[in-house]
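The structure appears right after this line, and notes come after that.
The values are calculated or read from the model by the stated rules, or taken from the named source; none is laboratory data. Note that the structure is a prediction, hence the values are computed from the model and not measured. Cβ sites come from the backbone with ideal geometry, for glycine too, and all protein chains shown count toward neighbours. Quick note on the areas: whole protein, heavy atoms, side chains included, nothing else; ligands and nucleic acids left out. Shrake-Rupley method; radii C 1.70, N 1.55, O 1.52, S 1.80 Å.
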Amino acid sequence: MIKNYFKIAWRNLLRNKTFSIINIVGLAIGLCCFLLIALYVLDELSYDRFNTKADQIYRVNCSIRFGGGDLNGALSSDMMGQLLKKDYPQVEQYTRIYNSNGSKLVRKGNNFINEPNVAHVDSTFFRVFTFPAIAGDTQTALNMANTVVITESTAKKYFGTTDALGKVVETNDNGKTLYKVTAVIKDMPHNSHFNYDFLFSMRNVDYKWGQMSSHNFHTYLVLTKGTDYKAFEKNFDTYILKYVIPYVQQFIKITNFDDFKKAGNKLEYSLTPLTKIHLYSDLSFELGRNGNIQFVYIFAIVALFILAIACINFMNLTTARSANRAKEVGIRKVLGTERKELIAQFLSESTLMVFLSQLIAITIAWLVLPLFNDMAAKTMNMGSLFSPIILPLLIILPFAVGLAAGSYPAFFLSGFRPIEVLKGKLASGKTKGGVRSVLVVFQFTTSILLIIGTIVIYRQLNFIQSKDLGFKKDQVLIVNGTYALKNNADAFRNEVLQMSGVSSGTKSSYLPVDNSSRSDNSYFKGPAMDVKEGIDIQNWYIDYDYIKTLGMQIVAGRNFSKDFPSDSAAVIINETTARLLGYQNPIGQKIYEPDNNNNNKKIIVHEIIGVVKNFNYESLRQNIGPLSFFLGKGSGLQSFKVSTTNVPALVSNIESKWKALAPGLPFSYRFLDDSFNEMYQSEQRVGKIAMTFSVLAILIACLGLFGLATFIAEQSTKEIGIRKVLGASVQGIVQMFVKDFVRLVTIALVIASPIAWWFMHKWLQQFVYRIDISWWVFIMAAVMAFAIALLTISYQAIKAATANPVKSLRSE
């Protein structure tokens, strides 16, 4: 019997080729979107779960406010991990990651390669994280100084083989340093919140250890099984009182921790579970570009909506063809076929169509996955479709969707009364109009939500691009890694400045983009170092031409000048710092800091010589904090303001100068506006994905609307014929045909608008600097929705209105 059902179903599909192709392709597109988004969501949720102790690992975070200066970072002091392990039995193990330089120059043959994915880690690193070794013993690999663990692909890159134990890696970060390869591990999975190719021994870090108030390390704790990490966080207050406050009291006048907090300051530590870092953490100094759980929720809902729209489209197209099969149903009922057999027949047809759609969907997904990976910055593969999570879904999907999508037409068609059907009456078709109207409203509500969301995302991204940041990010060329030039750094800068099209240049390790180099220190209005007069300020060490090159504006006082030797101890502050210090005229005033190089027992005095206009030196998600400029010798980067239209030629000339001064060292450059845009890559990716799936969802919805228009045209054939005989015009009939759809789209707009406003308002809250959701966004969405609807149904409306009434009425 089942075989017969599918045989008849196949014949019906072949008999109605156009209908079958539209229906199957529409459902295939919906299923393809669903599968791609499911892969994306599952990949996002899988981060760091490969670690054996994933549910026990937590990262320490700090939240510090001192005098209005804030630091909310994924950082802790160098001592915190070992002190917590000593004091609390719940801490089973700890490890630290240190990557302040961000990259190292590694020799390969006669040349050096700039390796960005490097870090120094503790010897306990592999007792916390699970990265399998293919050579060597990771448990002891980093016990000694001048040792390094490399990944499998790195070993092949430098040595041509994974058999690299005992081989030597030479770096040129702080002079020539040799590291012995003591282990080779498999490449770190893409779904890790950090990804390194080189793990150097922590014993080689040049750092002044034991600074309880300095936060430069990423510390991870392994808590014993069953430990409530929220309850464990309460121990941090004790840790602060025992270790941090006594240390800080050496150079800041603090009576107790309560006085520190009463002065409006804050020092707090928290823990983030390892498996939540990627989606739930957005702090300063993250080890990678994290995702966002909001986007996961949004895309999961979009996937379900698209699948629902595809099923609704299937229902509408199937019921649109009901008139053509009504007599078949009537005859089969007269011949004794029971309703349950008809239902089984129609469900078998829908299941077969869904199965064919799924095969096409998997094929399309396989073809477009590389493009989707580029769009979403992923490395997913089709093997993920057959994972233990997705494979059962693929097996169940044809039956579940076939039942869901085929149930309405099955029960609708099998419910026809044979006598009325054979008389040419389909009164039941009118009584079902309410259900179909609800389905169309749902489709267009979803489509309008996606349209509004996409418009708002792109408007916010455009706002970010066009906002006056307080500096000029365009036409600033940055040469990376110029510290490697050492004594030739000044010569390189001077030669580039002589080139046509280069107006100015500067040396500095600091750039006005998120997660650039950062150094914070505490400053005071008076030499007493009273906590009530303190402020935490970011320090940037720059040269005389930095402010000019980046187009910043001095609003009071002056810039650093070679004419004033005393400027070596002077400071330029931003407007936020001036406001927090409370100086109406800060020029000539002084700020004080403890001398860290002398155990904080001396005081350094800085005279304020200038105030720079506030500029956004971090993400627009954050307020502009206090900032200070000092004269220094930061030479990690050299930036040049260029004004030429022939950028490739200029870059080629600069590279030639580089190679002449530094043969064997890699030349690397970028533009400041590209670095700025990288801060918003996740939003840009989401915008592209949202746009793509919005278009596809609307396409599927249009197919559903086309199906409903076809259905109504078939049901209204005789009515339209009578109206034409009685003198109705084509325009009048088209208007009659269209008005119900306009009403449905209007209802969808009323439902979708407040929902879309709420979701996008919540999303925009993560930006301190953001757009308002203007009324015209909803007008534009309405216009687009009406235009889409009218274009979709116009074909059927005009076709029905221009049909010959004689043909439709000849059976009467």
Q: Have a look at Thr219, Thr238 and point out the one that is more than 16 Å from Phe129 (Cβ to Cβ) and of a type outside the set (Asp, Glu).
A: Thr238
Q) Being part of a helix (DSSP H, G or I) and open to solvent by less than 90 Å² (accessible area, probe 1.4 Å), is that true of even one residue in segment 725-732? A) yes
Q: Look at segment 241-261 and say how many of its residues are in a loop (DSSP other than H, G, I, E, B) and either open to solvent by 50 Å² or more (accessible area, probe 1.4 Å) or not aromatic (Phe, Trp, Tyr) (or both).
A: 6
(Q) Here's a check for you: in segment 75-89, which residue that is assigned to a loop (DSSP other than H, G, I, E, B) and of a type in the set (A, V, I, L, M) is least open to solvent (accessible area, probe 1.4 Å)? (A) Leu75
Q: Determine if segment 643-659 includes at least one residue that is in contact (Cβ under 8 Å) with a residue 24 or more places away in the chain, closer than 29 Å to Gly288 by Cβ and not aromatic (Phe, Trp, Tyr).
A: yes
Q. So Asp563 fits all but one of (1) over 32 Å from the mean Cα position of the chain (by Cα); (2) crowded, with 21+ Cβ neighbours inside 10 Å; what number is the exception?
A. (2)
Q: Can you confirm whether segment 12-33 contains a residue that is assigned to a loop (DSSP other than H, G, I, E, B), modelled with pLDDT of 90 or more, open to solvent by 20 Å² or more (accessible area, probe 1.4 Å) and not hydroxyl-bearing (Ser, Thr, Tyr)?
A: no
Q.
Can you say whether Arg493 is open to solvent by 10 Å² or more (accessible area, probe 1.4 Å), closer than 30 Å to Phe767 by Cβ, at pLDDT 85 or above and basic (Lys, Arg), as far as the supplied structure shows?
A. no
**Q.** Residue count, segment 392-434 (criterion: open to solvent by 70 Å² or more (accessible area, probe 1.4 Å), at pLDDT 65 or above and of a type in the set (A, V, I, L, M, F, W, C))
**A.** 5
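Here is a yes/no grid of residues against (1) touching a strand residue (DSSP E or B) at 6+ places or on another chain (Cβ under 8 Å); (2) over 30 Å from Thr171 (Cα atoms); (3) basic (Lys, Arg):
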{"residue": "Glu593", "(1), (2), (3)": "yes, yes, no"}
{"residue": "Ile604", "(1), (2), (3)": "yes, yes, no"}
{"residue": "Leu631", "(1), (2), (3)": "yes, no, no"}
{"residue": "Ser675", "(1), (2), (3)": "yes, no, no"}
{"residue": "Glu678", "(1), (2), (3)": "no, no, no"}
{"residue": "Gln681", "(1), (2), (3)": "no, yes, no"}
{"residue": "Val686", "(1), (2), (3)": "no, yes, no"}
Q. Given the residues Asn462, Asn494, which is the only one that is within 27 Å of Gly625 (Cβ to Cβ) and polar (S, T, N, Q)?
A. Asn462
Q. From Asn381, Asn290, which residue is open to solvent by less than 30 Å² (accessible area, probe 1.4 Å), at pLDDT 75 or above and closer than 18 Å to Glu44 by Cβ?
A. Asn290
Q) Pairs, please: C-beta under 6 Å, at least 6 apart or cross-chain, first residue surrounded by 15 or more Cβ atoms within 10 Å (Cβ to Cβ) and in segment 262-273, second hydroxyl-bearing (Ser, Thr, Tyr) and assigned to a strand (DSSP E or B)? A) Glu268/Ser63; Leu271/Tyr58; Pro273/Tyr58
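Residues are listed down the side, and each one gets a yes or a no for (1) in contact (Cβ under 8 Å) with a residue 24 or more places away in the chain; (2) in contact with a Leu (Cβ under 9 Å, 6 or more places away or on another chain); (3) within 24 Å of Glu683 (Cβ to Cβ):
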{"site": "Arg459", "(1), (2), (3)": "yes, no, yes"}
{"site": "Ile464", "(1), (2), (3)": "yes, yes, yes"}
{"site": "Lys472", "(1), (2), (3)": "yes, yes, yes"}
{"site": "Val476", "(1), (2), (3)": "yes, yes, yes"}
{"site": "Val479", "(1), (2), (3)": "yes, yes, no"}
{"site": "Tyr483", "(1), (2), (3)": "yes, yes, no"}
{"site": "Asn488", "(1), (2), (3)": "yes, yes, no"}
{"site": "Leu497", "(1), (2), (3)": "yes, no, no"}
{"site": "Val502", "(1), (2), (3)": "yes, yes, no"}
Q.
When you scan segment 479-489, do you find a residue that is out of contact with any His (no Cβ under 6 Å at 6 or more places or on another chain), assigned to a strand (DSSP E or B) and among the aliphatic types (A, V, I, L, M), even just one?
A. yes
Q. Does Pro370 meet the test of being surrounded by fewer than 16 Cβ atoms within 10 Å (Cβ to Cβ), at pLDDT 80 or above and of a type outside the set (D, E, K, R)?
A. yes
**Q.** Among residues of segment 571-603, those that are open to solvent by less than 40 Å² (accessible area, probe 1.4 Å), touching a residue at least 60 places away in the same chain (Cβ under 8 Å) and in a loop (DSSP other than H, G, I, E, B), counted
**A.** 1
Q) Among Ile608, Ile624, which is within 28 Å of the chain's Cα centre (by Cα) and of a type in the set (Val, Ile, Thr)? A) Ile624
**Q.** Unmet criterion (only one of (1) touching a strand residue (DSSP E or B) at 6+ places or on another chain (Cβ under 6 Å); (2) modelled with pLDDT under 90; (3) open to solvent by less than 30 Å² (accessible area, probe 1.4 Å); (4) of a type outside the set (Ser, Thr, Tyr)) for Asn72
**A.** (3)
**Q.** Leading residue by the ranking (farthest from Ala141 (Cα to Cα)) among those in segment 183-213 that are open to solvent by less than 30 Å² (accessible area, probe 1.4 Å) and among the hydroxyl-bearing types (Ser, Thr, Tyr)
**A.** Ser192
Q) Does Ile547 satisfy being assigned to a helix (DSSP H, G or I) and within 38 Å of the chain's Cα centre (by Cα)? A) yes
Q) Leu485 fails exactly one of the following numbered conditions: (1) open to solvent by 20 Å² or more (accessible area, probe 1.4 Å); (2) of a type outside the set (S, T, N, Q); (3) over 30 Å from Thr576 (Cα atoms). What is the number of that condition? A) (1)
(Q) Among the residues in segment 217-239, are any farther than 24 Å from Pro89 by Cβ, touching a strand residue (DSSP E or B) at 6+ places or on another chain (Cβ under 8 Å) and open to solvent by 10 Å² or more (accessible area, probe 1.4 Å)? (A) no
Q. Among (1) among the charged types (D, E, K, R); (2) in contact with a strand residue (DSSP E or B) (Cβ under 7 Å, 6 or more places away or on another chain); (3) crowded, with 17+ Cβ neighbours inside 10 Å; (4) within 30 Å of Phe640 (Cβ to Cβ), where does Arg558 come up short?
A. (3)
Q: Sort out which residues of segment 604-655 are surrounded by fewer than 20 Cβ atoms within 10 Å (Cβ to Cβ), among the basic types (Lys, Arg) and at pLDDT 90 or above, and write them in order of number.
A: Lys613
Q) Looking only at residues in segment 748-779 that are open to solvent by 80 Å² or more (accessible area, probe 1.4 Å) and part of a helix (DSSP H, G or I), which one is nearest to Phe299 (Cα to Cα)? A) Phe759
Q | From Asn191, Asn204, residue being over 27 Å from Met380 (Cα atoms) and in contact (Cβ under 8 Å) with a residue 40 or more places away in the chain | A | Asn204
**Q.** segment 45-69, subset open to solvent by less than 10 Å² (accessible area, probe 1.4 Å) and within 22 Å of the chain's Cα centre (by Cα), residue nearest to Asn292 (Cα to Cα)
**A.** Asp48
